[in-house]
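A.B. asks: First, the structure itself, so that you have it in front of you.
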Amino acid sequence: MKTDAAIQKDVIDELKWCPSVAHEHIGVAVKDGVVTLSGYVPSYIEKSTSEKAAQRVAGVKAIVEKIEVRYPGSYYRGDEDIATMILNAFKWNVQIPEDRIRVKVSKGWVTLSGEVEWEYQKIAAEDAVKPLAGVLGVTNFVDIKPKVQALDVKAKIEEALKRSAEREVNQIHIAVEGSKVTLSGKVRSLSELMDARGAAWSAPGVKDVQDHLIVAA
């Protein structure tokens with residue numbers, strides 16, 4: 001088991017290893033495996049990178065982050081300027097559905113909200129904000145709610161059944177309500193039933209599958 005002194009040394013070395021981090025102004029304290037980062041950096045992206053660097057070190061149980069962001073005077077931006085930069089960054093990023101994400105900026109702190117279909121879109125939005133001048137922090141409240149469509153689920157079930165020897169696609173009825181899928185009707189075997197159930201679960205956004213299928217040879 002690593003000692004606190006060994007963890008502290010490894011965290012400091014890891015920060016030094018990151019060329020994008022001004023490690024000279026970051027203090028590292030360790031107690032019982034809990035790492036406290038303090039000091040200041042000239043941008044929010046460096047603050048975020050410093051925390052990730054500490055997380056990579058073996059033996060770290062938790063991180064208390066007290067790093068302050070101090071932008072040089074030439075990089076100061078008002079909230080309106082920051083909001084404009086964020087919206088422009090979203091427009092140029094193909095991974096971000098800009099029309100589905102709301103942006104709020106208060107004294108340099110950015111809050112993201114809205115709904116997207118995929119987790120990578122939520123992450124991409126936050127990553128686009130971090131390097132912008134003037135940003136002091138980011139709170140990501142974007143929710144992930146994939147679209148669930150009956151036609152998509154039915155197509156997946158049909159594809160799954162076509163890969164098996166037995167098929168009775170037309171006897172399966174599909175109802176979709178929000179993220180819930182209900183299957184009903186008849187199938188010829190238990191394996192066919194399992195194929196239909198697995199296909200329903202594989203559709204993006206499905207969180208609940210109600211199986212009312214009957215095995216009827």
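A.B. asks: Within the range 30-38, identify whether any single residue is outside the structural domain of Lys130 (by TED's automatic domain parsing), more than 25 Å from the chain's Cα centre (by Cα), among the polar types (S, T, N, Q) and not in a strand (DSSP E or B), and answer yes or no.
C.D. replies: Scanning the range 30-38 turns up no residue that is outside the structural domain of Lys130 (by TED's automatic domain parsing), more than 25 Å from the chain's Cα centre (by Cα), among the polar types (S, T, N, Q) and not in a strand (DSSP E or B).
A.B. asks: Taking interchain pairs and intrachain pairs at least six residues apart, which have beta carbon atoms under 7 angstrom, with the first residue in the range 86-102 and in the same structural domain as Glu115 (by TED's automatic domain parsing) and more than 16 Å from Val138 (Cβ to Cβ) and the second loosely packed, with under 12 Cβ neighbours inside 10 Å and charged (D, E, K, R)?
C.D. replies: Glu98/Lys91
A.B. asks: Which of the residues that make up the range 58-76 are more than 22 Å from the chain's Cα centre (by Cα) and within 17 Å of Asp13 (Cα to Cα)?
C.D. replies: Scanning the range 58-76 gives Ala58, Gly59, Val60.
A.B. asks: Here is a follow-up. Test of understanding: among Val11, Val21, which residue is within 27 Å of the chain's Cα centre (by Cα) and either under 19 Å from Val135 (Cα atoms) or in contact (Cβ under 8 Å) with a residue 60 or more places away in the chain (or both)?
C.D. replies: The match here is Val21.
A.B. asks: Okay, next question. Being hydrophobic (A, V, I, L, M, F, W, C) and surrounded by 15 or more Cβ atoms within 10 Å (Cβ to Cβ) is the filter here, so list the residues in the range 39-59 that pass it.
C.D. replies: Val41, Ile45, Ala53, Ala54, Val57
A.B. asks: Can you say whether Ile82 is assigned to a helix (DSSP H, G or I), touching a helix residue (DSSP H, G or I) at 6+ places or on another chain (Cβ under 6 Å) and assigned by TED's automatic domain parsing to the domain that holds Glu126, as far as the supplied structure shows?
C.D. replies: No, not satisfied.
A.B. asks: Still on this structure, I have one more. (1) at pLDDT below 95; (2) in a loop (DSSP other than H, G, I, E, B): which one isn't true of Glu115, the others all being true?
C.D. replies: Among (1) at pLDDT below 95; (2) in a loop (DSSP other than H, G, I, E, B), the lone unmet condition for Glu115 is (2).
A.B. asks: So if I check each of Val105, Val64, which one is over 30 Å from Val30 (Cβ atoms), modelled with pLDDT of 95 or more and either crowded, with 17+ Cβ neighbours inside 10 Å or of a type in the set (A, V, I, L, M, F, W, C) (or both)?
C.D. replies: Every option except Val105 fails the conditions.
A.B. asks: Restricting the range 67-98 to residues that are in contact with a strand residue (DSSP E or B) (Cβ under 9 Å, 6 or more places away or on another chain) and over 17 Å from Val135 (Cα atoms), which is surrounded by the most Cβ atoms within 10 Å (Cβ to Cβ)?
C.D. replies: Ile96
A.B. asks: Against the condition of a type in the set (Asp, Glu) and farther than 30 Å from Tyr120 by Cβ, how does Glu24 come out, does it pass?
C.D. replies: Answer is yes for this residue.
The values are calculated or read from the model by the stated rules, or taken from the named source; none is laboratory data. Keep in mind that what you see is a predicted model, and the values were worked out from it rather than measured. Cβ: placed from backbone, ideal geometry, glycine included. Neighbour counts: every protein chain shown.
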